Amino acid sequence: MFFMCIVLLSIVTACLPLLMPRLTKFFPKVRLHSASPWLPIVAGVLMVVSTLLPDIHVSSETATFQQHFVGGGLYSAALYLYAKQLFGWKMHWFVDLLALFAWVSALGVANKLAEFTLLKLGLVDISTSDAYWDLLANTLGGFVGYAALYAFARIPEPRST
């Protein structure tokens, strides 16, 4: 069940370049800019790949550090860069890093709430005792992913003639 949720989220994420242009029908004042369409696809692939990674034994307190680093942090960084390009967000580098931190944190908390809900509904049997490690892994993965993807995800400015 949990794996199926991951796959479904990954498919929706990878389809964002197809779905986002339809957003303007519901929100006509939203202006979309050029964005790298491969970023959501990479994010979706990272989410699935993260579930297949072996435990790297960062600590005896966590067995999912690598999953949250890749499927939480790197995933969030790819989506952040996509949203930043798509909505034309331009900001000072320090504000950009604070926004990235807020983005990764929000998605990490949303993930923890989803895990808690699935656990309480009896749909999965997962430990939530490593929540702090998971949030740390999400944050580290977000900043590492942002640094790694930033140069590749740049959209050239249109030339004026």
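The values are calculated or read from the model by the stated rules, or taken from the named source; none is laboratory data. Please read these numbers as outputs of a predicted model, since none were measured by experiment. Ideal geometry is used to build each Cβ from the backbone, glycine not excepted, and the neighbour counts take in all protein chains shown.
Across region 115-151, the number of residues qualifying as basic (Lys, Arg) and in contact with a helix residue (DSSP H, G or I) (Cβ under 7 Å, 6 or more places away or on another chain) comes to 0. Residues that are in contact (Cβ under 8 Å) with a residue 40 or more places away in the chain and surrounded by fewer than 17 Cβ atoms within 10 Å (Cβ to Cβ) were ranked within region 84-95; the one that is nearest to Ala14 (Cα to Cα) is Phe87.
Scanning region 34-42 for any residue that is of a type in the set (Val, Ile, Thr) and either over 15 Å from Leu149 (Cβ atoms) or not in a helix (DSSP H, G or I) (or both) turns up nothing. Ala102 fulfils the conditions (1) in contact (Cβ under 8 Å) with a residue 24 or more places away in the chain; (2) surrounded by fewer than 21 Cβ atoms within 10 Å (Cβ to Cβ) except for a single criterion, (1).
Of all residues in region 1-54, which are surrounded by 19 or more Cβ atoms within 10 Å (Cβ to Cβ), among the aliphatic types (A, V, I, L, M) and farther than 30 Å from Leu121 by Cα? Correct list: Ala35, Leu39, Val42.
This table checks each residue for (1) of a type outside the set (S, T, N, Q); (2) at pLDDT below 90; (3) in contact with a helix residue (DSSP H, G or I) (Cβ under 8 Å, 6 or more places away or on another chain).
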position: Val7; (1), (2), (3): yes, yes, yes
position: Ser34; (1), (2), (3): no, yes, yes
position: Val42; (1), (2), (3): yes, no, yes
position: Val45; (1), (2), (3): yes, no, yes
position: Ala63; (1), (2), (3): yes, yes, no
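The residues of region 84-128 that are over 17 Å from Leu149 (Cβ atoms) and β-branched (Val, Ile, Thr), listed by number, are Val95, Val109, Thr117, Val124, Ile126, Thr128. Residues of region 13-32 that are of a type in the set (A, V, I, L, M), touching a residue at least 12 places away in the same chain (Cβ under 8 Å) and in a helix (DSSP H, G or I): Ala14, Leu16, Met20.
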